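Data block below; observations after.
The values are calculated or read from the model by the stated rules, or taken from the named source; none is laboratory data. Note that the coordinates shown come from a computational prediction; the quantities given were computed from them, not determined experimentally. Here the Cβ positions follow ideal geometry from the backbone for every residue, glycine too, while neighbour counts run over all protein chains shown. Just the protein is used for accessible areas: all its heavy atoms, side chains included, with ligands, DNA and RNA removed. Shrake-Rupley method; radii C 1.70, N 1.55, O 1.52, S 1.80 Å.
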Amino acid sequence: NPFQNMEAMITRENPDDHNYPGGPLGEGVSLEEVIRIFTINGAYSMEHDDVTGSIEVGKFADLVVLNKNPFDLVEDGKVKEIGQLQVKMTVFEGEIVYDAR
């Protein structure tokens, strides 16, 4: 679940600490940084940032629609709920390839 990884990068705590106890693992990063790491930075590392990794004219429309806005969770002090985010829809190259409905 990439959302558990995202939560851990922000909180620097294990989101599944009941199975793997441990304290904070250092300084966390912002949600904005985490999203860049999982999107444009990944595309850049594969030398595909010219066609994917961000939503821009001329790039593939690769994106997910989530059940909650992660920025709202951060703003509401609910960062530890990011690990439970669910994908409601996946769009790949402009076509819906998954729809939870």
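See the values below:
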| read-out | value |
| --- | --- |
| Number of the condition not met by LEU63 [criteria: (1) in contact with a strand residue (DSSP E or B) (Cβ under 8 Å, 6 or more places away or on another chain); (2) modelled with pLDDT of 95 or more] | (2) |
| Test: residue in region 90-99 that is free of Cβ contacts under 8 Å to residues at least 24 places away in the same chain, of a type outside the set (D, E, K, R) and either open to solvent by less than 50 Å² (accessible area, probe 1.4 Å) or assigned to a loop (DSSP other than H, G, I, E, B) (or both) | no |
| Residue in region 87-99 that is modelled with pLDDT of 95 or more, within 12 Å of the chain's Cα centre (by Cα), within 26 Å of ASP16 (Cα to Cα) and not β-branched (Val, Ile, Thr) present | no |
| Residue list for region 60-80, filter: in contact (Cβ under 8 Å) with a residue 24 or more places away in the chain and in a helix (DSSP H, G or I) | PRO70, PHE71, VAL74, VAL79, LYS80 |
